[in-house]
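The structure appears right after this line, and notes come after that.
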Amino acid sequence: MSARQITIIANWKANLPPSDEVDLARRIAEGLRSEGRHTVDPSRLRVLLAPSTLGLVPVASLIRREFPTSGLQIAAQDVSAGGPGAFTGESPADHLVAIASAVIVGHSERRRDHHESAEVVGRKLARVARAGLAPVLCLGDDLPNAETEVRVSLVQSQCAQALDAAAQHGCAPRELLAAGLAIAYEPIWAIGTGRPASLAIGEAIARGLRASTGMVDLAVLYGGSVEAAAAASWLGTSAGRTEIDGLLVGGASLEEGHFLAIVRAAARAAGGA
């Protein structure tokens, strides 16, 4: 059985106003409590909620105030490439420390809509790690019909560019790994389409990233049209884990029943009840 921790992240994007995010977080936390999810070793299963920027503080406050033993953690959906200062509208990593434990960096929607380059993504990785937060680096291809080898090579190249940029900003790959680096493979052609990549593709990406980075313990997640019914096939069982160490969940995380089903599958794979 793999010793790598399983990570499940609910990425709510900008779908809900903060009040609805708080309500959803409450329902998820209550569901976890009723199912006894606290019995799962937190070193083997990590569950994070990634609210919108406006929802970060109220959701984090709710979890800490009313569900301190739920095991739920908070992730930010993005972070500033720069530090604190006179930067209107930015969210420096140093300011997220008391709110979140992880930060999503380089999501395909950020790259597409905000033209984030590998250099910008690398700067953000360095900022997150130096602040003591765990970076979740998103990588992906837009090649729905490509051969697996081509897809793996492209994602390896994206990873190398981001890690090189982080190193240029003072954060070497070993420091990123020590900070809790995880990589989320999110094929752009699968996001929101209802047509996820195959497990074979995901596992090839995971093996390729571990080989190219030399990080044998690197956690690799999958994201892109993740559905509750398929969660178990992505993660495997405690007796036979796949190469995928978790899921970055978008649309399915907006309904607590679907998300809790994914967490149940993850708990079984992690060796919990």
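Placing pseudo-labels 7 Å out from each Cα toward the beta carbon at His169 and Glu149 gives an inter-label distance of 3.5 nm.
In this structure, the amide hydrogen of Leu48, modeled 1.01 Å from its nitrogen in the peptide plane, lies closer than 5 angstrom to those of Ile8, Ile9, Ala10, Gln73, counting only residues at least 5 positions away or on a different chain. On the principal axes of its alpha carbon atoms, the range 105-186 extends 39, 26, 19 Å, with the longest extent given first. Its alpha carbons give the chain an Rg and a Dmax of 17.2, 52 Å. Using only the Cα atoms of the range 206-263, each taken as one equal point scatterer with no solvent, compute I(q) by the Debye sum, divide by I(0), and report log10 of the ratio at q = 0.18, 0.24, 0.25 Å⁻¹. Result of the Debye calculation: -0.65, -0.94, -0.98.
Give me the net charge of Ser52's neighbourhood, meaning all other residues with Cβ under 12 Å from the Cβ of Ser52; Lys, Arg count +1, Asp, Glu -1. Walk me through the intermediate numbers first.
Details: positive: Lys13; negative: Asp20, Glu21, Asp78.
With Lys, Arg at +1 and Asp, Glu at -1, the net is -2.
Under 5 Å between amide hydrogens, built in the peptide plane, is the criterion, and for Glu116 it picks out Arg111 among residues at least 5 positions away or on other chains. A Stokes-Einstein calculation at 20 °C with viscosity 1.002 mPa s, built on the Kirkwood radius of the range 142-273 over Cα pairs, returns a diffusion coefficient of 138 µm²/s. Entry note, the chain: the mean residue ellipticity at 222 nm calculated from DSSP H runs of n ≥ 4, each adding -39500 (n - 2.57), is -13000 deg cm²/dmol after division by the residues and rounding to the nearest 500.
With +1 on each Lys and Arg Cβ and -1 on each Asp and Glu Cβ, and nothing else charged, work out how big the dipole of the chain is about its Cα centre, in Debye to the nearest 20. Let's see the in-between values first.
Values: 25 positive and 28 negative charges, 121 e Å.
Approximately 580 debye in magnitude.
All C-alpha to C-alpha distances of the range 68-120, sorted into 10 Å bins beginning at zero, yield P(r) values of 22, 47, 25, 7 percent in whole numbers. Since only Cys171, Thr69, Ala197 are under comparison, the one whose Cα sits farthest along the positive direction of the charge dipole of the chain, derived from C-beta charges on Lys, Arg, Asp and Glu, is Thr69. Only protein atoms count toward the accessible area here, which uses a 1.4 Å probe; on the range 57-205, the carbon and sulfur part of that area reaches 52 percent. Determine which residues of the range 133-172 fall in the zone a paramagnetic label at Trp189 would reach in this model, i.e. backbone nitrogen under 12 Å from the point 7 Å along Cα→Cβ. 141-152, by backbone N distance to the label point.
Each Lys or Arg adds one and each Asp or Glu takes one away; over the other residues whose Cβ falls under 14 Å from the Cβ of Gly85, this sums to -1. Counting charges near Ser238 (Lys, Arg +1; Asp, Glu -1) among other residues having Cβ under 10 Å from its Cβ returns a value of +3. Rg then Dmax, both in Å and based on the Cα atoms of the range 1-143: 15.6, 49. Pairs of Cα atoms nearer than 8 Å and 6+ residues apart set the relative contact order; for the range 33-154 it is 21 percent.
Take every pair of alpha-carbon atoms less than 8 Å apart whose residues are at least six positions apart; their mean separation over the length of the range 222-273 yields a relative contact order of 47 percent.
Across the range 175-180, coupling constants 3J(HN,Hα) worked out from phi with the 6.51/-1.76/1.60 Karplus curve, θ = phi - 60°, read 6, 5, 5, 5, 6, x Hz, and Gly and Pro carry x.
The values are calculated or read from the model by the stated rules, or taken from the named source; none is laboratory data. Being a predicted model, the structure only gives us computed values, none of them experimental. Every residue, glycine as well, gets a Cβ built from its backbone with ideal geometry; the counts of neighbours run over all protein chains shown. Ligands, DNA and RNA are excluded from the accessible area calculation, which covers all protein heavy atoms including side chains. Shrake-Rupley method; radii C 1.70, N 1.55, O 1.52, S 1.80 Å.
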